[in-house]
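Colleague: My structure is below; once you've seen it, I'll send some questions.
Any read-out appearing in this document is the output of simple, stated calculations on the displayed coordinates, not a laboratory observation. Since we're looking at a predicted model, the values are computed, not measured. Positions of Cβ are generated from backbone atoms using ideal geometry, with glycine treated the same way; all protein chains shown enter the neighbour counts.
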Amino acid sequence: MQPDVSVLLPAYNEAPNLPEVLEEIVTTLSASDLTFEILVVDDGSSDDSVAVLKKYSERFPELRWIHFRRNSGKSEALQAGFDLVRGHNVVLMDADGQDDPHAIPMLLDALDGGLDLATGRRAERNDRFIKRHTSKLYNWVTAKMTGVPGKDFNSGLKAMRVSVAQEVDLYGEMHRYIPVLAVANGFSVGEVDVPHRARLHGESKFGRARFWRGFFDLITVKFLTTYRTRPFHILGGIGAALGFVGFGLLAWMFVDFLRGVHVGGRPALLTGVLFVLVGVQLAATGLIAELIVARTRSRERRRPTVSASGGFEAAELDLTQQLA
């Protein structure tokens, strides 16, 4: 039977937290009328996570898990989970214990109310001062650049219809922009206030590099969601603007030349030529990009190698995966 909800947990070196998190999820959802499964995607952990998952998969028949041979990132872990979930709805949770499973019914109620994706907005965050305020800046910039309303895009606690999980394509750091990708695919999104707790054990696995990676991925998301099928509109537009300025400068130099003014060494002449050449190159690149888009409408993606799993039939896993 297809369960009502699939709880998807990406995990990386969370062996101390997994027992408490799994226990709480099972206890919470068992007290409801929902049928459920728990899918843990272990992203190449080097601690005892696999041993913990083997132990608890014997206790909880609802638990399934896979282990990547190497660490591939949260986006790849979530994408692999999206390919394997079986529920009507999908709930995303972090495995560090900061997300409260008691908030799951509230998020599912939001789906029943008409949303396709509900993000758990952490009204009072249990994080460091710097992390809280850089997150506010990130959320504000993301909302302004993408036009998608939201105050907590990167919350790890989300609920979505399975159709959303089937439509979005995650790689790099794209997990930060799931609501933006959902809107770009025509789904309705919203936020629900949820509690946020302190991490149970250990430290965050995301370092300072997440800020600049997130910024570059924001530009990528903006490009993909706005100009994915019409790259010439942005490249050609920039090229036309530069070309217009360049032609203006060259026209000015031509008039001065007719007046007998020496223009050979003037910066305006060199700038005009440069702008025209760059404008033509950008326009040509945009046209080539249009040809590529026309010929290639889907991008092939290779999943990370799975080296261990539990709770799966052999046919459920991609046959191209090499299992240890």
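Colleague: Relative contact order of segment 231-295, please, whole-number percent, based on alpha carbon pairs below 8 angstrom and at least 6 residues apart.
Modeller: Once normalised by length, the contact order is 55 percent.
Colleague: In whole Hz, with x marking every Gly and Pro, tabulate ³J(HN,Hα) for segment 35-48 from phi via Karplus 6.51 cos²θ - 1.76 cosθ + 1.60, θ = phi - 60°.
Modeller: 8, 8, 9, 10, 10, 9, 9, 7, 8, x, 4, 9, 9, 8
Colleague: Do any of K55/K151; K54/K222; K54/K151; K74/K222 go past 32 Å between their Cα atoms, and which?
Modeller: With Cα atoms farther than 32 Å apart: K55/K151; K54/K222; K54/K151.
Colleague: A follow-up question, please. Can you run phi through the Karplus equation (6.51, -1.76, 1.60; θ = phi - 60°) for segment 162-176 and list ³J(HN,Hα) in whole Hz, with x for Gly and Pro?
Modeller: 4, 5, 5, 4, 6, 8, 6, 10, 9, 6, x, 10, 5, 4, 5
Colleague: V90: net charge of surrounding residues, Cβ under 13 Å, Lys/Arg +1, Asp/Glu -1, itself excluded?
Modeller: Net local charge, V90 excluded: -2.
Colleague: For the residues Y171, Y177, Y138, what sequence is obtained by ranking on other C-beta atoms within 10 Å, fewest first?
Modeller: Y171, Y138, Y177
Colleague: Sorted from fewest to most neighbouring beta carbons within 10 Å, what does the list M1, M253, M145 look like?
Modeller: M1, M145, M253
Colleague: Over all directions, the average projected area of the alpha-carbon convex hull for segment 81-182 comes to how many nm²?
Modeller: Answer in nm², one decimal: 6.9.
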